[in-house]
Amino acid sequence: MKYGAKAIKQATLEIWDNPNPDRDYTIEISYPEFTCLCPRSGYPDFAEIRITYVPNKKIVELKALKLWLNSFRDQSISHEAVTNLIFDALKKDLKPRRLEVAGDFNVRGNVKTVIRVVL
């Protein structure tokens, strides 16, 4: 197994202490090369995942987040399910003051889908 595939297989979210927990500030993360598999056809779905949050005591480490998001590339999962799963994991681990996760999926079959989950 190549080192990249091994890193993705072992990926977990890594949570760090917020260096400024007494201040409200916004973190915006864009992941424009997200992929997963359509649970009906098995064809790949492509999306941009956008995460916006106001941290409380914790923040997410970006390389770990990238590898964790890459781990969905071989999973059969709907747009709605994967966007909500990402939201739930971040909400649980970060306990942010505010969180929004948007899954902006590319057009397929002449249909454009954007899933947005907000806390």
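The values are calculated or read from the model by the stated rules, or taken from the named source; none is laboratory data. Treat the numbers as computed from the prediction; the structure is a model and nothing was measured. Positions of Cβ are backbone-derived with ideal geometry, glycine not excepted, and every protein chain shown enters the neighbour counts. In case anyone asks, the SASA skips ligands and DNA or RNA and just uses the protein heavy atoms, side chains included. Shrake-Rupley method; radii C 1.70, N 1.55, O 1.52, S 1.80 Å.
Some points to look at:
- Candidate values (1) 0.93; (2) 0.99; (3) 1.03, label of the one derived for Rg/Rh (Cα atoms, Kirkwood Rh): (2)
- Rolling a 1.4 angstrom probe over the protein heavy atoms with all chains in place gives the chain an accessible area of 62 Å² per residue.
- Positive contributions from Lys and Arg (+1) and negative ones from Asp and Glu (-1), summed over other residues with Cβ under 15 Å from the Cβ of residue 33, come out at 0.
- Region 6-109, relative contact order in percent, only Cα pairs under 8 angstrom and at least six apart counted: 36
- Cut-off under 5 Å, modelled amide H: who pairs with residue 75 long-range: 37
- Length released on extending from residue 71 to residue 9, taking residue separation times 0.36 nm less the Cα-Cα span: 21.7 nm
- For the pair residue 78 and residue 48, the difference between a 0.36 nm per residue extended length and the Cα-Cα distance amounts to 9.4 nm.
- Apportionment of accessible area to carbon and sulfur, the chain, percent (1.4 Å): 50
- For residue 9, a cut-off of 18 angstrom between C-alpha atoms picks up these lysines, skipping any fewer than 8 places away in its own chain: 63, 66.
- Available extension along the chain between residue 98 and residue 40 is 17.6 nm, counting 0.36 nm per residue and deducting the alpha carbon span.
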